[in-house]
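K.L.:
To start, I am sharing the structure in question, which I have written as C-alpha coordinates.
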Amino acid sequence: STADVPRAPRVEPLPCGGSRARRAGGGGARGAGDGRVSAGSLRLATPDPMLIDGKAIAAEVRSEVADGARQFERAHGRPPGLRVVLLGDNPASQSYVRAKKKAAAEVGIDAETLLHPASMSQDDLLALLGELNADPAVDGILVQLPLPDGIDEAAIIHAIDPAKDVDGFHPENVGKLV
(Lines give C-alpha, C1' and ligand atoms only; values in the text may rest on other atoms or scores of the structure.)
Protein backbone atom coordinates (compact mmCIF):
# COMPACT_ATOMS: atom_id res chain seq x y z
CA SER A 1 0.00 0.00 0.00
CA THR A 2 1.06 3.58 -0.52
CA ALA A 3 0.94 4.17 3.24
CA ASP A 4 4.09 2.03 3.57
CA VAL A 5 6.05 4.01 1.00
CA PRO A 6 8.19 6.78 2.50
CA ARG A 7 7.26 10.20 1.21
CA ALA A 8 9.72 12.45 -0.56
CA PRO A 9 10.96 15.27 1.65
CA ARG A 10 9.25 18.63 1.32
CA VAL A 11 11.25 21.82 1.04
CA GLU A 12 9.97 24.57 3.28
CA PRO A 13 11.33 28.10 3.58
CA LEU A 14 12.58 29.17 6.95
CA PRO A 15 11.50 32.58 8.06
CA CYS A 16 13.68 35.23 6.51
CA GLY A 17 14.65 37.41 9.26
CA GLY A 18 16.71 40.00 10.86
CA SER A 19 20.34 40.42 11.43
CA ARG A 20 20.61 37.59 13.94
CA ALA A 21 20.05 34.94 11.22
CA ARG A 22 22.59 36.57 8.93
CA ARG A 23 25.21 36.89 11.69
CA ALA A 24 24.79 33.24 12.55
CA GLY A 25 25.19 32.25 8.91
CA GLY A 26 21.55 31.23 8.74
CA GLY A 27 21.19 32.40 5.17
CA GLY A 28 18.62 35.13 5.72
CA ALA A 29 17.69 36.89 2.49
CA ARG A 30 18.73 40.44 1.69
CA GLY A 31 15.87 42.79 2.38
CA ALA A 32 14.45 40.67 5.20
CA GLY A 33 10.72 40.59 5.23
CA ASP A 34 10.37 41.17 1.47
CA GLY A 35 9.23 37.57 0.88
CA ARG A 36 12.35 36.42 -0.95
CA VAL A 37 14.05 33.24 0.23
CA SER A 38 17.70 32.46 -0.40
CA ALA A 39 18.97 28.94 -0.97
CA GLY A 40 20.69 29.05 2.40
CA SER A 41 17.39 29.56 4.16
CA LEU A 42 15.77 26.33 2.97
CA ARG A 43 15.53 23.21 5.07
CA LEU A 44 14.16 19.80 4.32
CA ALA A 45 11.01 18.85 6.17
CA THR A 46 10.98 15.07 6.39
CA PRO A 47 8.52 12.68 7.90
CA ASP A 48 9.55 10.85 11.02
CA PRO A 49 12.93 9.16 10.67
CA MET A 50 12.68 5.75 9.07
CA LEU A 51 14.64 2.86 10.50
CA ILE A 52 15.56 0.28 7.90
CA ASP A 53 16.63 -3.26 8.65
CA GLY A 54 19.52 -3.91 6.28
CA LYS A 55 19.72 -7.60 7.14
CA ALA A 56 16.02 -8.12 6.41
CA ILE A 57 16.28 -6.22 3.13
CA ALA A 58 19.36 -8.22 2.10
CA ALA A 59 17.56 -11.48 2.93
CA GLU A 60 14.60 -10.39 0.83
CA VAL A 61 16.85 -9.51 -2.11
CA ARG A 62 18.67 -12.86 -1.82
CA SER A 63 15.31 -14.65 -1.78
CA GLU A 64 14.15 -12.80 -4.90
CA VAL A 65 17.42 -13.57 -6.70
CA ALA A 66 17.13 -17.25 -5.73
CA ASP A 67 13.58 -17.30 -7.10
CA GLY A 68 14.83 -15.76 -10.34
CA ALA A 69 17.66 -18.31 -10.57
CA ARG A 70 15.17 -21.17 -10.11
CA GLN A 71 12.92 -19.72 -12.82
CA PHE A 72 15.91 -19.33 -15.12
CA GLU A 73 16.93 -22.95 -14.50
CA ARG A 74 13.40 -24.21 -15.24
CA ALA A 75 13.31 -22.20 -18.47
CA HIS A 76 16.85 -23.03 -19.68
CA GLY A 77 17.63 -26.40 -18.11
CA ARG A 78 20.66 -25.02 -16.29
CA PRO A 79 21.40 -22.45 -13.60
CA PRO A 80 22.54 -18.97 -14.59
CA GLY A 81 26.27 -18.97 -15.30
CA LEU A 82 28.59 -16.32 -13.88
CA ARG A 83 32.28 -16.12 -14.73
CA VAL A 84 34.53 -13.95 -12.61
CA VAL A 85 37.89 -13.06 -14.13
CA LEU A 86 40.63 -12.28 -11.63
CA LEU A 87 44.15 -11.33 -12.62
CA GLY A 88 46.91 -11.42 -10.05
CA ASP A 89 46.93 -12.03 -6.33
CA ASN A 90 45.52 -8.85 -4.77
CA PRO A 91 44.26 -10.07 -1.35
CA ALA A 92 41.31 -7.65 -1.28
CA SER A 93 40.22 -8.73 -4.75
CA GLN A 94 40.57 -12.40 -3.85
CA SER A 95 38.45 -11.90 -0.73
CA TYR A 96 35.77 -10.03 -2.68
CA VAL A 97 35.65 -12.72 -5.37
CA ARG A 98 35.38 -15.52 -2.77
CA ALA A 99 32.45 -13.70 -1.12
CA LYS A 100 30.69 -13.19 -4.45
CA LYS A 101 31.17 -16.84 -5.42
CA LYS A 102 29.72 -17.96 -2.06
CA ALA A 103 26.75 -15.58 -2.38
CA ALA A 104 26.10 -16.79 -5.93
CA ALA A 105 26.14 -20.44 -4.84
CA GLU A 106 23.67 -19.67 -2.04
CA VAL A 107 21.11 -18.37 -4.55
CA GLY A 108 21.65 -21.06 -7.20
CA ILE A 109 23.99 -19.30 -9.61
CA ASP A 110 26.81 -21.34 -11.15
CA ALA A 111 29.78 -19.07 -10.44
CA GLU A 112 33.27 -19.94 -11.55
CA THR A 113 36.41 -17.92 -10.90
CA LEU A 114 38.93 -17.77 -13.73
CA LEU A 115 42.21 -16.97 -12.01
CA HIS A 116 45.07 -15.76 -14.18
CA PRO A 117 48.51 -14.36 -13.38
CA ALA A 118 49.02 -10.61 -13.23
CA SER A 119 51.36 -11.07 -16.19
CA MET A 120 48.46 -12.00 -18.50
CA SER A 121 48.58 -9.77 -21.57
CA GLN A 122 45.78 -7.46 -22.58
CA ASP A 123 45.43 -9.35 -25.86
CA ASP A 124 45.02 -12.65 -24.00
CA LEU A 125 42.45 -11.10 -21.67
CA LEU A 126 40.53 -9.70 -24.63
CA ALA A 127 40.59 -13.13 -26.27
CA LEU A 128 39.26 -14.71 -23.06
CA LEU A 129 36.44 -12.16 -22.92
CA GLY A 130 35.60 -12.94 -26.54
CA GLU A 131 35.26 -16.64 -25.63
CA LEU A 132 33.08 -15.83 -22.60
CA ASN A 133 30.91 -13.46 -24.65
CA ALA A 134 30.33 -16.25 -27.19
CA ASP A 135 29.68 -19.00 -24.62
CA PRO A 136 25.91 -19.59 -24.30
CA ALA A 137 26.44 -21.11 -20.83
CA VAL A 138 27.87 -17.82 -19.56
CA ASP A 139 25.15 -15.34 -18.67
CA GLY A 140 27.25 -12.89 -16.68
CA ILE A 141 30.86 -11.74 -16.74
CA LEU A 142 32.59 -9.86 -13.96
CA VAL A 143 36.18 -8.70 -14.45
CA GLN A 144 37.56 -7.90 -11.03
CA LEU A 145 39.13 -4.45 -10.87
CA PRO A 146 41.68 -3.05 -10.47
CA LEU A 147 43.57 -4.70 -13.29
CA PRO A 148 47.37 -5.02 -13.29
CA ASP A 149 49.48 -2.21 -14.73
CA GLY A 150 49.69 -2.26 -18.50
CA ILE A 151 46.08 -3.32 -19.07
CA ASP A 152 43.65 -0.68 -20.26
CA GLU A 153 40.57 -1.05 -18.03
CA ALA A 154 38.39 0.92 -20.45
CA ALA A 155 39.29 -1.42 -23.32
CA ILE A 156 38.48 -4.43 -21.15
CA ILE A 157 35.14 -2.99 -20.00
CA HIS A 158 34.23 -2.18 -23.62
CA ALA A 159 35.05 -5.76 -24.64
CA ILE A 160 32.41 -7.29 -22.33
CA ASP A 161 29.07 -7.98 -24.02
CA PRO A 162 26.71 -5.40 -22.46
CA ALA A 163 24.10 -8.15 -21.97
CA LYS A 164 26.63 -10.08 -19.84
CA ASP A 165 28.15 -7.10 -18.00
CA VAL A 166 27.46 -7.88 -14.34
CA ASP A 167 29.04 -4.68 -13.01
CA GLY A 168 27.15 -2.48 -15.46
CA PHE A 169 30.33 -0.58 -16.37
CA HIS A 170 29.99 -0.95 -20.15
CA PRO A 171 29.08 2.48 -21.58
CA GLU A 172 25.84 1.09 -23.02
CA ASN A 173 24.78 0.00 -19.53
CA VAL A 174 25.93 3.18 -17.84
CA GLY A 175 23.82 5.09 -20.37
CA LYS A 176 20.76 3.09 -19.31
CA LEU A 177 21.27 4.18 -15.72
CA VAL A 178 21.59 7.87 -16.47
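The values are calculated or read from the model by the stated rules, or taken from the named source; none is laboratory data. Just so we're clear, the structure is a prediction, and the values are computed from it rather than from any experiment. Note that each Cβ is placed from the backbone with ideal geometry, even for glycine, and that neighbours are counted across all protein chains shown. Calculation scope for accessible area: heavy atoms of the full protein, side chains included, ligands and nucleic acids excluded. Shrake-Rupley method; radii C 1.70, N 1.55, O 1.52, S 1.80 Å.
K.L.:
Quickly work out the Asn173-to-Leu115 label distance, labels modelled 7 Å from Cα along the C-beta direction, and quote it in nm with one decimal.
P.N.:
2.4
K.L.:
Provide the per-residue ³J(HN,Hα) series for the stretch 63-79, in order, calculated from phi with Karplus coefficients 6.51, -1.76, 1.60 and θ = phi - 60°, each as a whole number of Hz, with x at glycine and proline positions.
P.N.:
In residue order, the calculated couplings are 5, 5, 5, 4, 4, x, 5, 5, 4, 4, 5, 4, 6, 10, x, 7, x Hz.
K.L.:
Among the listed pairs Lys100/Lys164; Lys55/Lys101; Lys55/Lys100; Lys101/Lys164; Lys55/Lys102, give every one whose C-alpha distance is greater than 21 Å. Mind showing how you got there, number by number?
P.N.:
Details: Lys100/Lys164 16 Å; Lys55/Lys101 19 Å; Lys55/Lys100 17 Å; Lys101/Lys164 17 Å; Lys55/Lys102 17 Å.
Flagged as over cut-off: nothing, all pairs pass.
K.L.:
Here is a follow-up. Suppose all protein chains stay in the model; what accessible area per residue would a 1.4 Å probe give for the stretch 78-178, in Å²?
P.N.:
Values: 5400 Å² over 101 residues.
So the stretch 78-178 comes to 53 Å² accessible per residue, rounded to a whole number.
K.L.:
For Lys101, tell me the accessible area in Å² from a 1.4 Å probe, rounded to the nearest 10.
P.N.:
90
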